[in-house]
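Reviewing the structure listed below.
Since every read-out is calculated from the coordinates, none of them should be taken as a lab result. Predicted model, so just to flag it, every value in this text is computed and none were measured. With ideal geometry, Cβ positions are generated from the backbone for all residues, glycine too; neighbour counts draw on all protein chains shown.
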């Protein structure tokens, strides 16, 4: 990272940004160009580990690309505005970028992912039937590396 004075490496700070961000952007390998898609998400933490969950249709471009190559890059950000500074204008922001693999999950882990997603969007305890679960693909991203950056 060129601006190491803006780098965030603390796990608590990174998860705080994710807690406040409302969307991730998932970059997936495609040919000849990468494919990127904004997604609703939820996350779970372990001892220094970070797993993101998202859902979608059981078919389509995203599903096909992840089946062919699960290696991804994910980004989340919070835009705080623009400020005039000596010599120009700067953007005030906080962001997280991570690299890992997106794996489709099933059974109890799919239920966990959906429950986390529902809780994040304010619908904790929402009851869905097996048809909804069977019609939805749930993915977990295990981030192998991640970092943050901010300019406040």
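Determine the relative contact order of the chain: mean sequence separation of Cα pairs under 8 Å and six or more apart, normalised by residue count, in whole percent.
Relative CO of the chain lands at 30 percent.
With r as the distance between the Cβ atoms of residue 4 and residue 123 and R0 = 35 Å, compute the FRET efficiency 1/(1 + (r/R0)^6) and round to 0.05.
Once rounded, the FRET efficiency stands at 0.30.
Take the alpha carbon atoms of the range 3-71, find their center, do the same for the range 75-124, and report the distance between the two centers in whole angstrom.
Using only Cα atoms, the two centres lie 7 Å from each other.
Which length gain, in nm to one decimal place, applies between residue 84 and residue 30 when the Cα-Cα distance is subtracted from 0.36 nm times their residue separation?
15.6 nm
How far is it, in nm, from the label point at residue 22 to the one at residue 144 when both lie 7 Å from their Cα along the line to the Cβ?
That separation, rounded to one decimal, is 3.3 nm.
Rounded, prolate or oblate: pick one for the chain, where a ≥ b ≥ c are the square roots of the eigenvalues of its C-alpha gyration tensor, a/c under 1.5 means rounded, and failing that, prolate if a/b is larger than b/c, else oblate.
Cα axes put the chain in the prolate bin.
Can you give the relative contact order of the range 72-139 as a percent, counting alpha carbon pairs under 8 Å and 6+ residues apart?
28
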